[in-house]
Amino acid sequence: MKVVKLNKKGYQSQHAKITIEPTVVVQNQPITIKGEGFTAFYKRGNPGIAILLDERPLTGVKLKSNGKFEIKMKMPPFKPGEHVIDAFGIQTKVTVEADAKIVTQDQLKELVLRDFNVDPDAHLLFSDMKYRACPINELTCYLGKSDVPYKKYVAEWFDCDDFSDALHGQFTFDTYPKGYAHGEIWVEMSGGGGHAINCWLVQEDDGTLKMILVEPQSGKIFDFPGSWKAFMIKI
């Protein structure tokens, strides 16, 4: 049982917990922080409860006689990533995502043609009228957890096109319904060999938009090689 002193009054966090709704937010999005199970020893009045957000105090929160509190606030414009909320040593985390930029189909096509070496006769398929750009940190984190790169390569039955199908479908399902711009790209490599991989529209930390490639057999992110040429892109 942890006892915390505040203004010379003892507090105990017995079976206490805090919750956040939602736990994944974008910058400046409203969140609700709730706590329960806190036991306070009062002398007089209703003193404020000490809540820290990334070790910075939040004010205006009162502990009720039933050991509960609730505060509604907008998430400060912190950098994307995990942030810790602490109430008397009871901690939980909230993840802040970058406010993803939205692009139109025409804008996405311009980015594809800018960043990829596309054959003049290539088949380009854009299935939606607008898309979101995936924050690069979110994509990097996702690829680190995906099990697709650990699948065994089996010629004909589960080769490069199957790997790209699997990663594309898995990411679409797991990020529903964010609508990130990503898909499959078939390329002719230097020397004439063909290959199927994945492509993403990503948003860098500074807000820059960029098309990148992902090798689904390894999870590696890289730029389009100058010696390659794309002959089919589906996003």
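The values are calculated or read from the model by the stated rules, or taken from the named source; none is laboratory data. A quick note: this is a predicted structure, and the numbers were derived from the prediction, not measured. Heads up, the Cβs are rebuilt from the backbone with ideal geometry, glycines too, and the neighbour counts pull from every protein chain shown.
Points to keep in mind about this one:
- For the range 104-138, the set of residues classified as surrounded by fewer than 19 Cβ atoms within 10 Å (Cβ to Cβ), touching a helix residue (DSSP H, G or I) at 6+ places or on another chain (Cβ under 9 Å) and part of a strand (DSSP E or B) consists of LEU124, LYS130, listed by residue number.
- Any hit, the range 146-168, residues being closer than 20 Å to VAL26 by Cα, touching a helix residue (DSSP H, G or I) at 6+ places or on another chain (Cβ under 7 Å) and surrounded by 19 or more Cβ atoms within 10 Å (Cβ to Cβ): no
- For LYS17, the stated conditions hold: it is assigned to a strand (DSSP E or B), among the basic types (Lys, Arg) and at pLDDT 50 or above.
- In summary, LEU209 fulfils each of the numbered conditions (1) surrounded by 18 or more Cβ atoms within 10 Å (Cβ to Cβ); (2) closer than 30 Å to VAL24 by Cβ with the single exception of condition (1).
- Complete set of residues in the range 203-235 that are within 20 Å of the chain's Cα centre (by Cα), closer than 14 Å to ARG114 by Cβ and either outside the structural domain of LEU143 (by TED's automatic domain parsing) or touching a residue at least 40 places away in the same chain (Cβ under 8 Å) (or both): LEU209, LYS210, MET211, ILE212
- Qualifying residue in the range 120-128 (condition: more than 21 Å from the chain's Cα centre (by Cα) and over 22 Å from GLU188 (Cα atoms)): yes
- Residue count, the range 20-61 (criterion: hydroxyl-bearing (Ser, Thr, Tyr) and either modelled with pLDDT of 80 or more or not assigned by TED's automatic domain parsing to the domain that holds VAL84 (or both)): 2
- Scanning the range 169-179 for residues that are surrounded by fewer than 21 Cβ atoms within 10 Å (Cβ to Cβ) and in contact with a strand residue (DSSP E or B) (Cβ under 7 Å, 6 or more places away or on another chain), we see that the one that is nearest to ASP119 (Cα to Cα) is GLY179.
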